Amino acid sequence: MPLYRVNVLIENKPYISDPEGDTILKDLVIKGGYQQVRSIRVAKMLRLEVEADTEGDARDMVRRMCDELRLYNPMLSICRVESVST
């Protein structure tokens, strides 16, 4: 069975505060001279290697896994599943 790389990106929903992103923006980026940057949001990324028949099957399995195992809180977070070319 072929091996596929799938990334899972988990980030807070837009209306949920992101103190870590705010701190990076204010204390590092802006103070470092990059005043053009208006906002930073921090996210978690999981990189998985998955055996599946097709790329779509790999994405679907990872999405199902994230939902069933509650790897993220759907009330607070957005979870995106993306295939990555190897």
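The values are calculated or read from the model by the stated rules, or taken from the named source; none is laboratory data. Keep in mind that what you see is a predicted model, and the values were worked out from it rather than measured. Every residue, glycine among them, receives a Cβ derived from its backbone with ideal geometry; neighbour counts consider all protein chains shown.
Summary table
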{"quantity": "Unique match (being at negative phi and free of Cβ contacts under 8 Å to residues at least 12 places away in the same chain) among D27, D22, D18, D53", "calculated": "D27"}
{"quantity": "Subset of the range 41-52 [part of a strand (DSSP E or B) and closer than 23 Å to P14 by Cβ]", "calculated": "A43, K44, M45, L46"}
{"quantity": "Residue in the range 30-45 that is modelled with pLDDT of 95 or more, within 28 Å of P2 (Cβ to Cβ) and not basic (K, R) present", "calculated": "yes"}
{"quantity": "Matching residues, the range 53-86, being assigned to a loop (DSSP other than H, G, I, E, B) and either under 22 Å from Y15 (Cα atoms) or in contact with a strand residue (DSSP E or B) (Cβ under 6 Å, 6 or more places away or on another chain) (or both)", "calculated": "R70, L71, Y72, N73, P74, M75, L76, T86"}
{"quantity": "Extreme residue, surrounded by the most Cβ atoms within 10 Å (Cβ to Cβ), among residues of the range 1-41 that are of a type in the set (D, E) and more than 30 Å from D53 (Cα to Cα)", "calculated": "D18"}
{"quantity": "Scan of the range 44-54 for residues that are within 21 Å of L76 (Cα to Cα) and surrounded by 14 or more Cβ atoms within 10 Å (Cβ to Cβ), ordered by number", "calculated": "L46"}
{"quantity": "Number of the condition not met by I10 [criteria: (1) touching a Ser or Thr at 6+ places or on another chain (Cβ under 6 Å); (2) in a helix (DSSP H, G or I)]", "calculated": "(2)"}
{"quantity": "Count of the range 68-86 residues which are surrounded by 13 or more Cβ atoms within 10 Å (Cβ to Cβ) and modelled with pLDDT of 95 or more", "calculated": "7"}
